[in-house]
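What follows is one structure encoded as structure tokens, with my remarks underneath.
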Amino acid sequence: RNKTFVPELTKEMPKTRKIRDQSSQTRVAYDFEILEEAVWANGSPVTGHDFLATMKVLFNPLVDAARTREVLAMEISDIQVDEENPKKLTVVGSQETYLSLKNISNAVPVLPAYILDPEGKLERINFSDLTNPEQAEKLAKNNQDLQNIALRINSADFTKSLENLVGSGPYTLTEWQPGQKITLQKKANWW
């Protein structure tokens, strides 16, 4: 069985480098660059901000994603989007392993920030605050934005709405009858 990763959303496999965090611990940084032609169904570019928003939603302790959060919490300590080129991002992890790269790059589908956080409320929250479970719990109890986002994301209306089920892949979900059928349509100008 071939165990080689093949990037679909990024230009190449991430570059890795060793860095020291604020507490002088050695970490591994994975540098990703998203394909220039990668766009969402509405034509807006897929950026590191989409990845960051996806991770902020998942790390929100009020969102129903405990198992995914548990796996990713072992791997990701910070995410930095390049200010000059939002197609570039760095994911800081605890250690460099085959499983780490798999979890960071494939554990969850990246969703558009404009769907997850249409008002940009998550931009005011530091991702590193959400990676500390105690701090994240405290923040979630006191932050109305995190509470509102969790209510919206956890709702059946959100998870069943075709407008919210948007991906960067070659197909669009056009019909969903739970327990019966789904219909996919090939995107005309998929990158």
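The values are calculated or read from the model by the stated rules, or taken from the named source; none is laboratory data. For clarity, every value in this text was computed on a predicted model and none was experimentally measured. Heads up, the Cβs are rebuilt from the backbone with ideal geometry, glycines too, and the neighbour counts pull from every protein chain shown. SASA here: full protein model, heavy atoms, side chains in, ligands and nucleic acids out. Shrake-Rupley method; radii C 1.70, N 1.55, O 1.52, S 1.80 Å.
Of note:
- Here the range 171-191 is the region considered, the condition is being surrounded by 11 or more Cβ atoms within 10 Å (Cβ to Cβ), without any contact (Cβ under 8 Å) to a residue 60 or more places away in the chain and in contact with a Lys or Arg (Cβ under 9 Å, 6 or more places away or on another chain), and the residue that is nearest to VAL108 (Cα to Cα) is TYR171.
- Single match in LEU62, LEU58 (criterion: under 29 Å from ARG152 (Cα atoms) and either open to solvent by 30 Å² or more (accessible area, probe 1.4 Å) or among the polar types (S, T, N, Q) (or both)): LEU62
Residue-wise test of (1) at pLDDT 95 or above; (2) of a type in the set (A, V, I, L, M, F, W, C); (3) out of contact with any strand residue (DSSP E or B) (no Cβ under 8 Å at 6 or more places or on another chain).
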residue	(1), (2), (3)
THR4	no, no, yes
LYS11	no, no, no
SER24	no, no, yes
TYR30	no, no, no
GLY48	yes, no, no
LEU58	no, yes, yes
MET74	no, yes, yes
ASP78	no, no, no
LYS88	yes, no, no
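- Hits in the range 148-170 - residues which are of a type in the set (Gly, Ala, Ser), over 15 Å from PRO112 (Cβ atoms) and exposed (fewer than 15 other Cβ atoms within 10 Å of the Cβ): SER155, ALA156
- Residue tally, condition of a type outside the set (Gly, Ala, Ser), assigned to a loop (DSSP other than H, G, I, E, B) and open to solvent by less than 20 Å² (accessible area, probe 1.4 Å), over the range 65-76: 1
- Contacts under 8 angstrom Cβ, first residue in the range 102-131 being at pLDDT below 80, partner among the small types (Gly, Ala, Ser), 6 or more apart: ILE104/GLY93
- Evaluating ARG17 against the criteria (1) over 26 Å from ILE153 (Cα atoms); (2) open to solvent by less than 70 Å² (accessible area, probe 1.4 Å); (3) at pLDDT 85 or above leaves one unmet condition, (2).
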